[in-house]
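> I have a structure I would like to understand better, so I am pasting it below and will then ask my questions one at a time.
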Amino acid sequence: MTVKEISPEQQLELNDAFKVRFEVFVQEQNVSEEEEVDEYEETALHFVAYEDSRPVGAGRLRFADGYGKVERICVLASHRHTGAGRLIMEAVEQKAKTEGFHSMKLNAQISASGFYKKLGYHVTSGEFMDAGIPHLEMKKTLSAES
């Protein structure tokens, strides 16, 4: 499995990210298409996990308020628990460090908070709703070695 960083100009690969996100968020989790795609798509950095040439996971990274902001992390149901999510997160965090950021934050679905805790994130908020799904804000400071 490989993870590729995708710029907004790489339309074919960007479509792979949207395809995975649509399947996970819209079809599986019933998030509206209007909420799933937002105004940050053209300025965010996107990441796609591929098994051979098939897109199986996606995520994006923005930089805001001194943080690397992790968003839209998802893996197809058929590829969960394969390490795809961890690979995406490692690529996102490495890119943030390359860009000079050492603090990360994300809004995790409560059902995924255990995954992020294993990666070193800690809860920094109470529960809140986003797209009809309970979430928690989580943050992590990247170490020099990671």
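> Can you give me the accessible area per residue for the chain, using a 1.4 Å probe, in Å²?
On a per-residue basis, the chain sits at 53 Å².
> Counting residues in the chain as N, plug N into 2.2 N^0.38 Å and put the Cα Rg over that result. Let's see the in-between values first.
On the way: Rg = 14.2 Å, N = 146, 2.2 N^0.38 = 14.6 Å.
Expressed relative to 2.2 N^0.38 Å, the Cα Rg reads 0.97.
> Please say if the range 26-97 is rounded, prolate or oblate, where rounded means a/c under 1.5 for a ≥ b ≥ c the square roots of the C-alpha gyration tensor eigenvalues, and otherwise the choice is prolate for a/b larger than b/c and oblate otherwise?
Oblate shape, in that a/c is at least 1.5 and b/c is the bigger or equal ratio.
> Right, something else. Under a 5 Å amide H to amide H cut-off, with H placed in plane at 1.01 Å, what residues pair with Val56 once short-range neighbours are removed?
Ala49, Tyr50, Glu51
> Measure off, as a whole percent, the carbon and sulfur share of the 1.4 Å-probe accessible area of the chain, all protein chains present.
48 percent
> Okay, moving on. In Å, the Kirkwood hydrodynamic radius of the range 11-60 over pairs of distinct alpha carbons? Let's see the in-between values first.
Values: mean 1/r = 0.0896 Å⁻¹.
It works out to 11.2 Å.
> Decide, for the range 74-146, between rounded, prolate and oblate: order the square roots of the alpha carbon gyration tensor eigenvalues as a ≥ b ≥ c, take rounded if a/c falls under 1.5, and otherwise choose prolate if a/b is larger than b/c, else oblate.
oblate
> Let me ask you something else. If R0 is 25 Å, what FRET efficiency do you get for Ile133 and Arg62 from their C-beta distance, rounded to 0.05?
On the way: r = 20 Å, r/R0 = 0.79.
Taking R0 as 25 Å, the efficiency between Ile133 and Arg62 is 0.80.
> Have a look at Ala108, Val123, Pro8 and report the one farthest towards the positive end of the charge dipole of the chain, computed about the Cα centre with Cβ charges (Lys/Arg +1, Asp/Glu -1).
Result: Val123.
> Turning to a different aspect of this structure: Which whole-Hz couplings ³J(HN,Hα) result when phi for each residue of the range 111-124 is put into the Karplus expression 6.51 cos²θ - 1.76 cosθ + 1.60, θ = phi - 60°, listed in order with x for Gly and Pro?
5, 9, 4, x, 4, 5, 4, 4, 8, x, 7, 10, 6, 10
> Take the range 58-111, compute every pairwise Cα distance, and split them into 10 Å bins from 0; I just need the percent in each bin.
25, 52, 20, 3
The values are calculated or read from the model by the stated rules, or taken from the named source; none is laboratory data. From a predicted model like this one, the values you see are computed outputs, not experimental measurements. Glycine gets a Cβ as well: all are built from the backbone with ideal geometry, and neighbour counts include every protein chain shown. Each accessible area value is taken on the protein alone, full model and side chains, heavy atoms only, with ligands, DNA and RNA left out. Shrake-Rupley method; radii C 1.70, N 1.55, O 1.52, S 1.80 Å.
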